[in-house]
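Just so it is clear, none of the values below were taken in a lab; they were calculated from the coordinates. For clarity, every value in this text was computed on a predicted model and none was experimentally measured. Ideal geometry is used to build each Cβ from the backbone, glycine not excepted, and the neighbour counts take in all protein chains shown.
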Amino acid sequence: MNTRLKGDSVTPSTSNQPAYLVLADGRVFQGEAFGAVGTRLGEAVFTTAMTGYQETMTDPSFHRQLVTFTAPQIGNTGWNDEDGESRGDRIWVAGVIIRDLAHRVSNWRSKRTLAEEMVAQDIVGIRGVDTRALVRHLRNHGSVAAGIFSGADAARPLEDLLAEVQAQPAMAGADLAREVTTDSVYEVPPSGEEKYTVVAYDMGVKTNSIRNFSARGVRCVVVPANTPYAEIVGYRPDGVFVSNGPGDPATADEMVAVVRDVLAADIPFFGICFGNQILGRALGLETYKMKFGHRGINVPVLDLAKGKVEITSQNHGFALKGERGQQFSTDFGPARVTHVCLNDEVVEGVALDSGNAYSVQYHPEAAAGPHDANPLFDRFIEIMAARKAAH
């Protein structure tokens, strides 16, 4: 939760109040406050996306992260009531780090400024940071625990601020999906004729994923993370979907067990991001924490079967261990690594050779981002259709 730690009043940054970004390795960046004022702790990461800051900030996968935007100016399109990617359009980032805050909003859909929305949702930001130097530091040394301190907190000794940053829990080993998932089951009807029922596990699901299913005639039954397999069979699903989400997939033993039950029952499976890591673990692969992760909407991925490159939207700090084209045996038949990132050869997809289960590390719902990978939703429809015809 984005809870103020020091009881500071929530005010917009109209008075150039000082702020500090303190990294756990001792690096300090000075700037000015914007949005709410106070202290926020989290993991300092960066996104290379040049657009879509509203979708980024409302993505639950950014829970407990202080997000650095590499785009030089943020806030120019304001904030609207249509592009949020979480229930209730909640902002999930722990804090925001930028170079320049736009002085004027220029978009016909804008309802308020970015700073006004951050105040309303109690989100702390720091502007005036040399984000080029910060991103270079994070690329060289890796994502690191950090804190944003503004208002009265910025006047405290830097030694105290550093000690507070270093004392926060690590991202490795953090089970965060439990903190962002829905509290109860809810259903989203199809936009037209109902053709299929999909049980969607909310590990931090983005709104546009569910919207993509609805547009294809799918009734989505959205269930909390770790809902037992015995409970979802009552919905008679034609397929099971596991969404994106935050945290360390090595903590997700319950979800791995659920997915193994789904695979054993031969129910079509589709996973995105965290769901890719869960499927990989269910197939016997391991995961690891990346140095600085993939975050942006311009990441090139190679589909090994098609020999085709897709430009993708990504947001993850963990990945599956594996190699390009790797084939391996599982309890559910042969499987393989299907996609790799062309920047660093990180595994970007796995699948059973039967075609009944597949997943990708990137975000085909494209909010924000390119639409190259959107046909992955159509592939799921085709698999469910084939299974339905066979039964």
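Remarks
- Environment charge at Val218 (Cβ cut-off 12 Å; Lys +1, Arg +1, Asp -1, Glu -1): -1
- Restricting the calculation to Cα atoms, the chain yields a radius of gyration followed by a Dmax of 20.9, 69 Å.
- Between 0 and 90 degrees, the angle of helix 253-264 with respect to the longest Cα principal axis of the chain falls at about 20 degrees.
- Whichever lysines have a C-alpha closer than 27 Å to that of Lys321, once near sequence neighbours (fewer than 8 apart) are set aside: Lys206, Lys289, Lys291, Lys306, Lys308
- Within-13-Å neighbourhood charge of Val45 [Cβ basis; K, R +1; D, E -1]: +3
- The distance linking segment 283-335 with segment 35-113 is 27 Å (Cα centroid to Cα centroid, whole angstrom).
- When shorter helices are ignored and each DSSP H run of at least 4 residues is given -39500 (n - 2.57), the per-residue value for the chain at 222 nm works out to -6000 deg cm²/dmol.
- Residue-wise HN-Hα couplings along segment 50-65, as the Karplus relation 6.51 cos²θ - 1.76 cosθ + 1.60 with θ = phi - 60° gives them from phi, are 8, 9, x, 5, 5, 5, 4, 5, 9, 6, x, 5, 8, 4, 6, 10 Hz; Gly and Pro carry x.
- With a simple spin-label model that places each label point 7 Å from the Cα along the Cα-to-Cβ direction, the separation between Glu116 and Lys388 comes to 4.5 nm.
- At 0.692 mPa s and 37 °C, Stokes D of segment 177-390 from Kirkwood alpha-carbon radius, µm² per second: 195
- Working from Cα pairs under 8 Å separated by at least six residues, relative contact order for segment 177-390 is 18 percent.
- Distances between every pair of Cα atoms in segment 288-391, grouped in 10 Å steps from 0 to the bin holding the largest one, split as 15, 44, 32, 8, 1 percent.
- 12 Å beta-carbon shell around Ser143, net charge (K/R +1, D/E -1): +3
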